[in-house]
Amino acid sequence: MKFKRFLRFRHLKNQLLFLNAISISLIIGVTAIITYTIAIKIQINEAIRYNTVMVIQISKSIDNMVESFNRVMDGVTFNNDVQEILPEAYGNSKEKNFLDKKLLSKTTDETVMFNEVDLVYLYDTKGLRVNLRRSVNNNNYEFFNTLRPKIYDPNGKVTWSVENSVITANRTIYDIHSYKMNVIGYLTMSMDKAYLQERIQKFDPTEERHIIILDKENNVVLTNSNEKELSAVTSWLSNSTKHLANSDTLIEIPDSGKMIINNYQSELTGWKIISLISLNEISEGPALIGKTVFLIGVVAIIIGIIIIWISTNYIVRPLNKLSLVMDEVEKDNFNVQLEIDRSDELGRVGESFNRMMNKINNLISDIYQKDINEKDAQLRALRAQINPHFLYNTLDTINWMAQFGKSDEVSKMTTSLSRLLKKSITNNGEFIRLQEEMNYIDDYMTIQKIRFQDRIHYSVHVDPEAKNCLVPKLILQPIVENAMIHGIEKKIGNGFLSINGKIKNNKLHIEVLDNGVGMDENTVVTLSEGRYVNLDERKGTGNGVLNVQNRIQLLFGEDNGIKIESNINVGTLFVLTLPIHREGD
């Protein structure tokens, strides 16, 4: 309760400063959060996109190297001398050594120009014939000395495997000179890891990303990751079959946090190339953006408070003057004048108000010179054009919105009110086109919709042939105002007001329908019989409807007028029936 009393009863400047500081803080805070969220998403998407491109390029580079490797194996496999020597029988070890040297020479000739080849093992159907080591190291590769036919594809395809950290390609050798295509030997060649590492490093020279290459059985081919990362990736692959396809997601790794993982599987080798990058590294840029937005927000709050402090007096002072003058108008004092020395919307409202007061005074003087019945009806119609209570509420709403910094709504309401006042005092004849009358109602309803925070819903449908029909000026405004004040304003919940215009039976019919609180049958009968009804002493007499009825019958006779249908808590329908008149008639 104390907080509400502070907002309601303390100085306007303090309220504006406080409320706008909160508003700006919320806006800046939400902006910072949204900016950070969007930035991190963009950064992650960009990292995923870049990683995807990189792993695909690595895969293609490896595929190119594998294809080159396969061509080397083709050279050895289909070499004519190898095809002749390998199945050749030997009688003793001396003959075998002689043939093995010839095989070694041919194998060396076929592989000497290819740096990616490290170990070469050539077997016949009985055992090892050639053992060629290209690199200089002390590693023990005795497991290659034993022929293992099961690791070779019986159809002669090249198969890749990783054994004891050695990357090997294996192939069965067939006798291409025999139509039976008998198996005459086996070929195993290993790939130099250093050469493979060098090819991969070209795509990630900074080594910020962790690269893991696994074969079909998830054996490590090559990696620069630690054991925890390797274990997490292996578990990630084994827990879901979808990761066997090309994909990307986030993975939680102990001591490393969340990491973006991209996975691409080569169609040629079946190897999976996996890239890992820490999410913390990606978040550094968006975090800096969020801090910058926050600092800008603090500066914006300070500047906003200064601007609000200066602008409050400029906005509120003329509104206070206008409210004081309107209090006098409500007391039927039409001799007041408003002094607002401004050229904006509020200034135009003040000028229009002064002209309206002058016009009202002149009209009141002229009306007394006419027939008493016409004078009475015309005077009530004039007073119903712009209800001072409506003006007071409108200006009070403008004042409230200005205090809360709603400049767009202030401009919209003052512009609509200015047009209303201008139209109400413009002397352009007793009759106007129905379309112009509807424009006047549009301005009136624009103000009402803003006043009631969009609780009011308003629709218009006028047939094209009815738009150019002439109607008495401001004939609809009292009806619409009556629907608002005595119908919709008293209703709890949303209000709906619909206006329809059409030509029927050579008459112009205008229907005004609302879903307000409605009227009882006695009130409807009283109004229909032409007797005045005091609907609400605080908001006028409520007899704008009767004034319109008198105007129509004075101008067009008793065959025309208003028909009323209403139900309590349902709504009210007003049907205006007028003769058809057009310009030039």
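The values are calculated or read from the model by the stated rules, or taken from the named source; none is laboratory data. Values in this document were obtained by computation on a predicted structure and should not be read as measured data. Note: ideal-geometry Cβ built from the backbone for every residue, glycine included; neighbour counts use all protein chains shown. In case anyone asks, the SASA skips ligands and DNA or RNA and just uses the protein heavy atoms, side chains included. Shrake-Rupley method; radii C 1.70, N 1.55, O 1.52, S 1.80 Å.
Which one of Gln477, Gln435 is under 21 Å from Gly561 (Cβ atoms) and either in contact (Cβ under 8 Å) with a residue 24 or more places away in the chain or open to solvent by 30 Å² or more (accessible area, probe 1.4 Å) (or both)? Break it down into steps so the answer makes sense when it comes.
Numbers: Gln435 fails: under 21 Å from Gly561 (Cβ atoms).
The match here is Gln477.
In the range 34-57, which residues are of a type in the set (A, V, I, L, M) and either closer than 30 Å to Lys202 by Cα or in contact (Cβ under 8 Å) with a residue 40 or more places away in the chain (or both)? Quick ask: steps written out before the conclusion?
Initially, the range 34-57 is screened for residues of a type in the set (A, V, I, L, M), giving 34, 38-40, 42, 44, 47-48, 53-56.
If the condition is that a residue be of a type in the set (A, V, I, L, M) and either closer than 30 Å to Lys202 by Cα or in contact (Cβ under 8 Å) with a residue 40 or more places away in the chain (or both), then Ala39, Ile40, Ile42, Ile44, Ala47, Ile48, Val53, Met54, Val55, Ile56 are the ones that fit.
Modelled with pLDDT of 75 or more, open to solvent by 60 Å² or more (accessible area, probe 1.4 Å) and within 18 Å of the chain's Cα centre (by Cα), is that true of Ile22?
Details: modelled with pLDDT of 75 or more: yes; open to solvent by 60 Å² or more (accessible area, probe 1.4 Å): yes; within 18 Å of the chain's Cα centre (by Cα): no.
It is false that Ile22 is modelled with pLDDT of 75 or more, open to solvent by 60 Å² or more (accessible area, probe 1.4 Å) and within 18 Å of the chain's Cα centre (by Cα).
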Pull up the range 558-585, narrow it to residues that are over 26 Å from Ile488 (Cα atoms) and among the acidic types (Asp, Glu), then point me to the one that is most open to solvent (accessible area, probe 1.4 Å).
Glu558
Scope the range 511-532; condition without any contact (Cβ under 8 Å) to a residue 12 or more places away in the chain and of a type in the set (Ser, Thr, Tyr); matching residues:
Thr526
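Any idea which of Leu322, Leu379 is at pLDDT below 75 and surrounded by 16 or more Cβ atoms within 10 Å (Cβ to Cβ)?
Values: Leu322 fails: at pLDDT below 75.
Selected residue: Leu379, the only one of Leu322, Leu379 that is at pLDDT below 75 and surrounded by 16 or more Cβ atoms within 10 Å (Cβ to Cβ).
For the structure I just gave you, tell me whether Val117 is surrounded by 15 or more Cβ atoms within 10 Å (Cβ to Cβ), farther than 29 Å from Lys180 by Cβ, touching a Ser or Thr at 6+ places or on another chain (Cβ under 8 Å) and not acidic (Asp, Glu). Give the steps one after another, and end with the answer.
Numbers: surrounded by 15 or more Cβ atoms within 10 Å (Cβ to Cβ): yes; farther than 29 Å from Lys180 by Cβ: yes; touching a Ser or Thr at 6+ places or on another chain (Cβ under 8 Å): yes; not acidic (Asp, Glu): yes.
Answer is yes for this residue.
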Flagged in the range 65-83 as more than 19 Å from Tyr152 (Cα to Cα), open to solvent by 30 Å² or more (accessible area, probe 1.4 Å) and touching a residue at least 12 places away in the same chain (Cβ under 8 Å), in numbering order, are Asp81
All but one of (1) at pLDDT below 80; (2) more than 23 Å from Asn320 (Cα to Cα); (3) surrounded by 16 or more Cβ atoms within 10 Å (Cβ to Cβ) hold for Asn427; which doesn't?
(3)
Checked against (1) modelled with pLDDT under 70; (2) surrounded by fewer than 19 Cβ atoms within 10 Å (Cβ to Cβ); (3) more than 44 Å from the chain's Cα centre (by Cα); (4) closer than 27 Å to Met445 by Cβ, Ala384 satisfies every condition except (2)
Among the residues of the range 482-493, are any of a type outside the set (S, T, N, Q), over 19 Å from Val570 (Cβ atoms) and touching a residue at least 12 places away in the same chain (Cβ under 8 Å)?
no
If I filter the range 188-211 down to residues being modelled with pLDDT of 75 or more and of a type in the set (S, T, N, Q), which single residue comes out as surrounded by the fewest Cβ atoms within 10 Å (Cβ to Cβ)?
Gln197
Could you grab me the full set of residues in the range 173-187 that are open to solvent by less than 40 Å² (accessible area, probe 1.4 Å) and assigned to a loop (DSSP other than H, G, I, E, B)?
Asp175, Ser178
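Got a sec? Which of Asn131, Asn170, Asn97 is touching a strand residue (DSSP E or B) at 6+ places or on another chain (Cβ under 8 Å), open to solvent by 80 Å² or more (accessible area, probe 1.4 Å), free of Cβ contacts under 8 Å to residues at least 24 places away in the same chain and not in a loop (DSSP other than H, G, I, E, B)?
Details: Asn170 fails: open to solvent by 80 Å² or more (accessible area, probe 1.4 Å); Asn97 fails: touching a strand residue (DSSP E or B) at 6+ places or on another chain (Cβ under 8 Å).
Exactly one residue qualifies, and that residue is Asn131.
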Report yes if His486 is assigned to a helix (DSSP H, G or I), over 19 Å from Thr415 (Cβ atoms) and in contact with a Lys or Arg (Cβ under 8 Å, 6 or more places away or on another chain), otherwise no.
yes
I'd like to check something: does the range 514-537 contain any residue that is modelled with pLDDT of 90 or more, basic (Lys, Arg) and not in a helix (DSSP H, G or I)?
no
Would you call Glu116 modelled with pLDDT under 80 and closer than 18 Å to Trp160 by Cβ?
yes
Test result for Arg129, at pLDDT below 85, under 25 Å from Ile85 (Cβ atoms) and in contact with an Asp or Glu (Cβ under 6 Å, 6 or more places away or on another chain)
no
Looking at (1) without any contact (Cβ under 8 Å) to a residue 12 or more places away in the chain; (2) assigned to a strand (DSSP E or B), which is the only condition Gly501 fails?
(1)
Search the range 263-277 for residues that are touching a residue at least 40 places away in the same chain (Cβ under 8 Å) and pair each with any residue that is open to solvent by 10 Å² or more (accessible area, probe 1.4 Å) and part of a loop (DSSP other than H, G, I, E, B) when their beta-carbon atoms are under 6 Å apart and the residues are at least 6 apart or on different chains.
Tyr264/Asn246; Gly270/Lys216; Ser275/Arg209; Ile277/Arg209
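Is at least one residue of the range 415-423 out of contact with any Pro (no Cβ under 7 Å at 6 or more places or on another chain), at pLDDT 90 or above and surrounded by fewer than 20 Cβ atoms within 10 Å (Cβ to Cβ)? Give the steps one after another, and end with the answer.
The first filter runs over the range 415-423 and keeps only residues out of contact with any Pro (no Cβ under 7 Å at 6 or more places or on another chain), leaving 415-423.
Okay, now just the ones that are also at pLDDT 90 or above, so none.
No, because not a single residue in the range 415-423 is out of contact with any Pro (no Cβ under 7 Å at 6 or more places or on another chain), at pLDDT 90 or above and surrounded by fewer than 20 Cβ atoms within 10 Å (Cβ to Cβ).
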